[in-house]
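Below is one structure, written out as structure tokens; comments come after it.
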Number of protein chains: 2
Amino acid sequence: MASDSGQDGLTRRELLRRVGLMAGGSVMYQAMNSLALAAESPWKGPTELKGAPPGASVLILGAGMAGMTAAYELRNAGYKVQVLEFNNRAGGRNWTLHGGDRYTELGGETQHCEFDPGLYINPGPWRIPYHHHGILSYCKRLGVALEPFVQVNYNALLHGSKAFGGKPQRFREIKADYQGQVAELLAKATHQHALDSLVTREDQERLLESLRGWGALDSDFRYVAGDVSGERRGYLKPPGGGLTARPESGTPIQLDDILQSGLWRGVSSGDHYDMQTALFQPVGGMGRIGEAFGRELAGLIRYQAKVTSIQQDAAGVTVHYDDASKPGVSQTARADWCLCTIPLPILAEIPMNVGEQLGAAIGAVPYASSVKVGLQFKRRFWEEDDHIFGGISYTDLPITNIGYPSTGFHANGKGVLLGAYIWGLNAMEFTSMTPGERVQKAVEYGSQIHPQYKTEFDNGVAVAWHRVPFTQGCYGMWTTEARARHYDDLCAIDGRIALAGEHASFIGGWQEGAVTSALDAVGRLHQRAVAQGASA
Amino acid sequence: MASDSGQDGLTRRELLRRVGLMAGGSVMYQAMNSLALAAESPWKGPTELKGAPPGASVLILGAGMAGMTAAYELRNAGYKVQVLEFNNRAGGRNWTLHGGDRYTELGGETQHCEFDPGLYINPGPWRIPYHHHGILSYCKRLGVALEPFVQVNYNALLHGSKAFGGKPQRFREIKADYQGQVAELLAKATHQHALDSLVTREDQERLLESLRGWGALDSDFRYVAGDVSGERRGYLKPPGGGLTARPESGTPIQLDDILQSGLWRGVSSGDHYDMQTALFQPVGGMGRIGEAFGRELAGLIRYQAKVTSIQQDAAGVTVHYDDASKPGVSQTARADWCLCTIPLPILAEIPMNVGEQLGAAIGAVPYASSVKVGLQFKRRFWEEDDHIFGGISYTDLPITNIGYPSTGFHANGKGVLLGAYIWGLNAMEFTSMTPGERVQKAVEYGSQIHPQYKTEFDNGVAVAWHRVPFTQGCYGMWTTEARARHYDDLCAIDGRIALAGEHASFIGGWQEGAVTSALDAVGRLHQRAVAQGASA
């Protein structure tokens, strides 16, 4: 069967030409292109490494997303795999705190999470975008159930402590009123011929029509109180039923107030590529992925193993580690190759014989400061009183975010909010506090947005990433300069050692960075291992 | 305790004044307003009717959302309640078709739904917005579990059969490129002083800053290919990990192409008040609400009861009906009051002694034509190949929508799409077809958007609302003129009969219209019953 011939001997080109003659050009174009959609994503499907050299072994340092991705693929390819993990659980930053969990941070403070059964907080990642094909494919293969993560909630709040007298505004009103008045201004500019040199007369008509629909303008291209804007911004009294049904419109917020408040900054929060729908969360918490990976790799992972040195020679790599269950006795592991996913602040302190370039790269990436606070309340007042179901409120207070749970809607009993998600200088300040003080501060700030905090607060936990013993920071912060100078060195295989993790990716701070980095690294490690043959 | 005095005898006003003197005006404003948020919604919480006159009875016609809302509240208030329902199930248009279900439409065609276990289609309503407090409150009280309904999916498709050669475009690209170029045009107009008479110089600076952030413009206020626009529209090759990590940007679609294509119409689909997040669906299908209501009201509802006449007198209302299980024998029910939720096209054919005004109102509201088609496929190719998880693709083909399931992500086995959701003339055309032809047409049209249809299609069902025996139409379409003339007459109590349903609301076609209409009607009926005392 010739691949470019039809059944009756027509070439594909000729067939398309005839289709075109019969049905007009657009059908032909469609016939040529209609199959192209599925190929648009560069994601090629799961990696399937095969054919490890007989007896070849890989030692993997770290059972986070990168380490376990590598272990999964290398094991499947036939390598002897061993994973050393500092914690007594799999997942690393993929981590969920439930009631009953204990966590001790650097400095020795131990927190006992007292959330009710089923309630949790993800101290690390909490959402997965639809285009993070790597992590999603492992969720599928490991049977981790996913549910939608609500990022944008039009009824959530935008809050500026100096804007609107400190009163939070509804996202839907700021968004509709900003968009409507932007559309109105551009319609006016169009009518005043300001666009005549930029847009053809015909397209100006189309532009005006689009601005009216998109901006919710009236027939005179004005954004004003009434049903048209109400169908975007909501109502003072929404439409209902029976004789009490007639809606009442509220008054749009003036553009100058929106501009001066800075609240416009929150409007595009759901437009960012990483925050666009569809977004997911594993049912039961992000940590379900790490747990599933850990079960899949049971027997390959050695927990509570603190690496103390990494030494390579011509034939392999030797790693010394302390076993927390046998204090004082140094243990040894050895393999032909080593994939190291230890976060850079910790790796930088571990003796390791690698080249100058990799050594310099390891020291070139500072880690971001971030703090997350989980707060349990006696009831889900954000749903019951404020009609906010999932999503995020934004504030210029140090707590930055209040995240509402995307699951368990309408549940009676207690509920847990993400009470703070802090970056930068504010995160450093929160890191310097005790966990109890962080929780207290989050409650104080949050009560400016939800006064119910004062009476409904129950308990909380606070994770400051610079005090997390297994990372000492949240994620690697690459500057453009550091990336130009050191990134390729960080990723290049140094003798028998390769690095992987979100720090070795262009998607810093996301699990997808860890996964794609590991897939890239094991692919190259495999190539090299195959080229060199099996170990002696 | 005086309500306007503090503990030390200060009046509230004086206290606020002192707070203002100490801490500056904005704190005072905040103190005055910070508790106002929870009161913003006019929703006052569940209705709690109490104190039915002893022995008072109400006959309710129809066990849809309006009828069961009324039955629930009136029963709780102490009325003797009986509900007559045409179907052999509760819910009315709240209805889910699962595998194994049978449905016979007007004309006699019977469909046997052959979906796999757990898969379903909602022929009627399929989403509940966060501000539909009435229906949501019944979900909560009846224990109906809710999950997010994904309305907007940035990776779903916008398709114009004559646009871009018929090739579907990703929502995220059309949205980002439209928004970016609108922002760029307005920035240019601002720089060219076209806004000088409209916006102060200072606010123009703020506007420009906002347009840059919101529109993803570069430092020169241009919307161009690169990382800034890539972080909205996505990438040709998205950022990854390791040595294959560097992203590659795609080229934005030019504004004139977007305007000429008409695809801008899809951009604001998630901005509409009724389509804004958070949106919900009951776990297992919309019909779970009707089923739960039916269980709650078990014993009060008589199924398969086709009303044939409604006659009121000075003391009560007598309804004749045919019991489908005892053909040929007319049955009678009687009560002090009657709440009638029968859809108007059917009610108009039932003899009923009401006043001229109500009679005219019943005849004044034509019902919308709508068709929904559910299609089962052999696999979830939209997830596996196209990375579309939930949400809706829009097309100018007659099928209008393709809706992807918001649940069961990553499931192996078969999957069900909403393959068509049609209104107006196209719906009438589809209504005139047999169910099998509707399904076939939906597959043909849909394969222009998803070529996988051709090989993956399994089976389908199609509900044309004008052929639905219990409504003969989708919902009441009020014109402004008809509403001005007839709406209050339709809602007013006529003697001992009141009407309720989405047709007696300002939220036509939504379950919330049925619920709020019923709550309004039973409130007035209760008032009148109390005023008149118990029945003789």
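In summary, B:ASN153 fulfils each of the numbered conditions (1) surrounded by fewer than 21 Cβ atoms within 10 Å (Cβ to Cβ); (2) at the interface with chain A (Cβ under 8 Å from one of its Cβ atoms) with the single exception of condition (1). Considering the stretch B:50-157, the qualifying strands (runs of 3 or more DSSP E), each wholly inside and each with 3 or more residues that are in the same structural domain as B:GLU383 (by TED's automatic domain parsing) and under 29 Å from A:PRO405 (Cβ atoms), run over B:146-148.
Just checking, does the stretch A:245-253 include any residue being closer than 30 Å to B:LEU490 by Cβ and either more than 11 Å from every other protein chain (Cβ to nearest Cβ) or not in a loop (DSSP other than H, G, I, E, B) (or both)? So far as the stretch A:245-253 goes, yes, one or more of its residues are closer than 30 Å to B:LEU490 by Cβ and either more than 11 Å from every other protein chain (Cβ to nearest Cβ) or not in a loop (DSSP other than H, G, I, E, B) (or both).
Residues that are facing another protein chain (nearest Cβ under 7 Å) and touching a Cys at 6+ places or on another chain (Cβ under 6 Å) do not occur anywhere in the stretch A:257-266. Taking the stated definitions as given, is B:ASP274 closer than 30 Å to A:VAL152 by Cα, assigned to a loop (DSSP other than H, G, I, E, B) and within 14 Å of chain A (Cβ to nearest Cβ)? So B:ASP274 passes the test. Those strands (runs of 3 or more DSSP E) of the stretch B:394-472 in which 3 or more residues are among the small types (Gly, Ala, Ser) occupy B:415-423, B:457-464. For the stretch A:179-191, indicate whether the set of residues that are more than 8 Å from chain B (Cβ to nearest Cβ), surrounded by fewer than 20 Cβ atoms within 10 Å (Cβ to Cβ) and either of a type in the set (Val, Ile, Thr) or in a loop (DSSP other than H, G, I, E, B) (or both) is non-empty. Looking through the stretch A:179-191, none of the residues is more than 8 Å from chain B (Cβ to nearest Cβ), surrounded by fewer than 20 Cβ atoms within 10 Å (Cβ to Cβ) and either of a type in the set (Val, Ile, Thr) or in a loop (DSSP other than H, G, I, E, B) (or both). On inspection, A:ASP196 does not qualify as surrounded by 15 or more Cβ atoms within 10 Å (Cβ to Cβ), at negative phi and in contact with a helix residue (DSSP H, G or I) (Cβ under 9 Å, 6 or more places away or on another chain). Comparison of B:ARG89, B:ARG102, B:ARG127 shows that the only residue that is touching a His at 6+ places or on another chain (Cβ under 6 Å), surrounded by fewer than 24 Cβ atoms within 10 Å (Cβ to Cβ) and not hydrophobic (A, V, I, L, M, F, W, C) is B:ARG102. Of the residues B:VAL307, B:VAL317, which single one is in contact (Cβ under 8 Å) with a residue 60 or more places away in the chain, in contact with a Cys (Cβ under 8 Å, 6 or more places away or on another chain) and outside the structural domain of B:PHE115 (by TED's automatic domain parsing)? Unique residue meeting the criteria: B:VAL317.
B:SER161 meets the conditions (1) surrounded by fewer than 19 Cβ atoms within 10 Å (Cβ to Cβ); (2) more than 9 Å from chain A (Cβ to nearest Cβ); (3) under 30 Å from B:GLY374 (Cα atoms) in every case but one. The failed one is (2). Considering only residues in the stretch B:205-243 that are within 11 Å of chain A (Cβ to nearest Cβ) and part of a loop (DSSP other than H, G, I, E, B), the one that is farthest from A:GLY501 (Cα to Cα) turns out to be B:ALA216.
Among the residues of the stretch A:215-227, are any under 19 Å from A:SER268 (Cα atoms) and crowded, with 22+ Cβ neighbours inside 10 Å? Taking every residue of the stretch A:215-227 in turn, at least one turns out to be under 19 Å from A:SER268 (Cα atoms) and crowded, with 22+ Cβ neighbours inside 10 Å. In this structure, A:LEU490 does satisfy being within 13 Å of another protein chain (Cβ to nearest Cβ), touching a Leu at 6+ places or on another chain (Cβ under 8 Å) and either under 19 Å from A:ILE60 (Cβ atoms) or assigned to a loop (DSSP other than H, G, I, E, B) (or both).
The values are calculated or read from the model by the stated rules, or taken from the named source; none is laboratory data. As the structure is a prediction and not an experimental result, all values here were calculated from the model. Reconstructed Cβ throughout: ideal geometry from the backbone, glycine too, with neighbour counts over all protein chains shown.
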